[in-house]
Amino acid sequence: MSTGVRVMVVDDHPMWREGVARDLTEAGHLVVATSGEGRQAVRVAAAVRPDVVVLDLQLPDVSGVEVIRGLRAVLPEVRVLMLSASGEPQSVLDAIKAGATGYLVKSAAPAEFLDAVRRTAAGEPVFTPGLAGLVLGEYRRLAAAPHDPAPRLTERETEVLRLVAKGLSYKQIAERLGLSHRTVQNHVQNTLGKLQLHNRVELTRYAIERGLDA
């Protein structure tokens with residue numbers, strides 16, 4: 001029985017797409033689907049339910065950012081690894097804010113890419129060297145913007161936040177804490193509201209910056 005990651009590859013260049021799929025398969029992962037268009041990718045992902053979607057930023061029909069939003073709407077727990085030719089700061093930040101787990105440029109070595117897929121599946125934020133500082137810098141800038149001191153979280157909200165930062169799914173958190181899935185979702189939504197964050201990825205960044213993932 002395979003212990004590999006279930007991966008979907010979305011890129012509009014057939015040779016590149018097939019090459020990435022081949023590298024993943026040879027590394028022991030299961031490529032459950034490939035696609036060259038964003039809208040199709042969202043539909044297919046809903047059916048095949050990959051663990052990780054390797055996604056290009058530039059697609060012929062819609063942007064990669066729109067695809068991320070579509071994927072997270074149909075599969076909230078899916079992890080998205082951007083694999084793009086662009087390392088432009090705004091492109092990176094737009095992707096992360098939309099819900100991408102990590103961002104790798106296409107010049108990455110095959111071993112670096114395969115390691116990124118494995119780490120993305122485990123819930124780790126993964127970035128091409130140099131981009132991690134950019135993303136953390138942006139969140140620190142937002143955190144330093146004038147506003148009231150950090151809001152107080154309840155003990156339970158903090159407990160849930162720690163487990164989110166460790167990459168656990170809502171289901172896993174519910175089982176760990178003896179709560180219902182809905183209760184965990186409510187705690188996360190309350191925490192997002194208190195911290196003025198928008199999604200789980202931003203929440204994870206917040207927790208990591210404060211050492212809550214230890």
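Tell me what the chain gives for mean residue ellipticity at 222 nm when only DSSP H runs of n ≥ 4 count, each as -39,500 (n - 2.57), the sum divided by the residue total, rounded to 500 deg cm²/dmol. Kindly include the intermediate steps, with their values, before the conclusion.
Details: 10 runs with 115 residues, N = 214.
So the calculated ellipticity at 222 nm is -16500 deg cm²/dmol.
Extension gain, Val74-Arg182: 0.36 nm per intervening residue step, less the Cα-Cα distance, totals 37.2 nm.
In debye, nearest 20, what is the charge dipole magnitude of the chain about its Cα centre with +1 on Lys and Arg Cβ and -1 on Asp and Glu Cβ, if you could check? Provide the component values of the computation, followed by the final result.
Working: 26 positive and 25 negative charges, 142 e Å.
It comes to approximately 680 debye.
For the stretch 57-131, the share of accessible area belonging to carbon and sulfur comes to 55 percent (1.4 Å probe, ligands and nucleic acids excluded).
Within the listed set Arg43, Arg200, Arg17, the residue fluctuating most in the Gaussian network model of the chain (springs between alpha-carbon atoms under 10 angstrom) is Arg43. Between Trp16 and Thr154, the simple spin-label model (points 7 angstrom out along Cα→Cβ) gives 4.7 nm.
Taking the chain as a Gaussian network of alpha-carbon nodes connected by springs under 10 Å, the highest mean-square fluctuation of the residues Thr154, Thr191, Thr204 belongs to Thr154. Label-to-label distance for Asn190 and Val48 is 4.0 nm, based on points extended 7 Å past Cα in the beta-carbon direction. Listed by chain and number, the lysines whose alpha-carbon sits under 22 Å from that of Lys166, ignoring those within fewer than 8 places in the same chain, are Lys97, Lys194. Distance between the modelled labels on Ala111 and Glu66, one decimal in nanometres: 4.0 nm (7 Å Cα→Cβ projection).
For the stretch 14-107, what is the accessible area per residue in Å², given a 1.4 Å probe and the full set of protein chains? Don't skip to the end; give the middle numbers.
Values: 4140 Å² over 94 residues.
Computed with neighbouring chains in place, this is 44 Å² per residue.
Extension gain for the segment Lys171 to Leu30, taken as residue separation times 0.36 nm less the Cα-Cα distance, is 48.5 nm to one decimal. If R0 is taken as 22 Å, the Cβ-Cβ distance between Arg162 and Ala85 corresponds to a FRET efficiency of 0.05.
The values are calculated or read from the model by the stated rules, or taken from the named source; none is laboratory data. Just so it is clear, the structure is predicted and the values come from calculations on it, not from any experiment. Because the Cβ atoms are built from the backbone with ideal geometry, glycine has one as well, and the counts that use them run over all protein chains shown. SASA here: full protein model, heavy atoms, side chains in, ligands and nucleic acids out. Shrake-Rupley method; radii C 1.70, N 1.55, O 1.52, S 1.80 Å.
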